[in-house]
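The values are calculated or read from the model by the stated rules, or taken from the named source; none is laboratory data. None of the values given here were measured: they were computed from a predicted structure. Note that each Cβ is placed from the backbone with ideal geometry, even for glycine, and that neighbours are counted across all protein chains shown.
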Amino acid sequence: MMGMAPEGKSILLITALLAITCVSVVIWVNRSPGAWLAILGMLPLAFSLWFFRDPVRKTPPQAGIVVAAADGEIIEIALVEAGAVHAFAARKVSIFMSPFSVHVNRIPAGGMVRQVLHHNGKFAAAFKSKASLDNERQYLLIDTPYGSVGCVQIAGWLARRIVCHVQEGQRVATGERYGMIRFGSRVDLYLPVNCEIRARKGQMVRAGETIIGVFHEEA
């Protein structure tokens, strides 16, 4: 089943009005060359319908799993020390979303949201490693039964808005929908070092469904 992300309602309305206007002009002029105007007017609507698609996802029922928070390609897996983004040593997994990916973001591991922090920054290419530190981002820290999991929405050069619907103190479930980033971006996961990574660099993943890691013992 395919739904539409509510974050795209205003853009869908604007592009629909543009398409209706272009088609109406073509009908009023009643000239065949005007068909190109109708086609051009429909393109933004078609892209918006594609971009803001929100498919139903089935999260695996196993306990102690971490699922992908975004659709896209895993571009980095690394062991990182505590730093400016995440306060603990962690296993970092970065997922890059192209403009053609589903951009709905989902909770990687269920628990209690301890922190929600927004950082202003640049809008450089999201596939570059320095984007984790330099770009505008929204940081989410979730306390799970197995340790604290960090999830960072990072804006890209085309992305200009990060949407996050959860608040501090809120309980969230694995695979739950919680926001999106408009038009090409990235999500970084910071997982406890006792988490076994099941994904690999270059793998294409699906938010809420693809298992990124598994916990084998409580932290």
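Being in contact with a Phe, Trp or Tyr (Cβ under 7 Å, 6 or more places away or on another chain) and assigned to a loop (DSSP other than H, G, I, E, B) is the filter; apply it to segment 184-219 and report the residue that is modelled with the highest pLDDT. Looking at the filtered set, the residue picked out is 192. Among the criteria (1) hydroxyl-bearing (Ser, Thr, Tyr); (2) closer than 17 Å to residue 179 by Cα; (3) at pLDDT 70 or above, the one residue 24 does not fulfil is (2). Among the residues making up segment 121-177, those that are out of contact with any Ser or Thr (no Cβ under 8 Å at 6 or more places or on another chain), crowded, with 22+ Cβ neighbours inside 10 Å and either in a loop (DSSP other than H, G, I, E, B) or at pLDDT below 90 (or both) are 131, 135, 136, 137, 146. Of the strands (runs of 3 or more DSSP E) lying entirely inside segment 71-114, none contains at least 3 residues that are among the acidic types (Asp, Glu) and under 16 Å from residue 178 (Cα atoms).
Would you please list the contacts, defined by Cβ atoms under 7 Å and residues six or more apart or on different chains, that run from a residue in segment 87-112 that is surrounded by fewer than 24 Cβ atoms within 10 Å (Cβ to Cβ) to a residue that is hydroxyl-bearing (Ser, Thr, Tyr)? Every condition considered, the pairs that remain are 88/148; 92/190; 110/144; 110/174; 111/144. Taken over segment 177-198, the criterion of being closer than 22 Å to residue 99 by Cα and either over 12 Å from the mean Cα position of the chain (by Cα) or among the β-branched types (Val, Ile, Thr) (or both) is satisfied by 181, 187.
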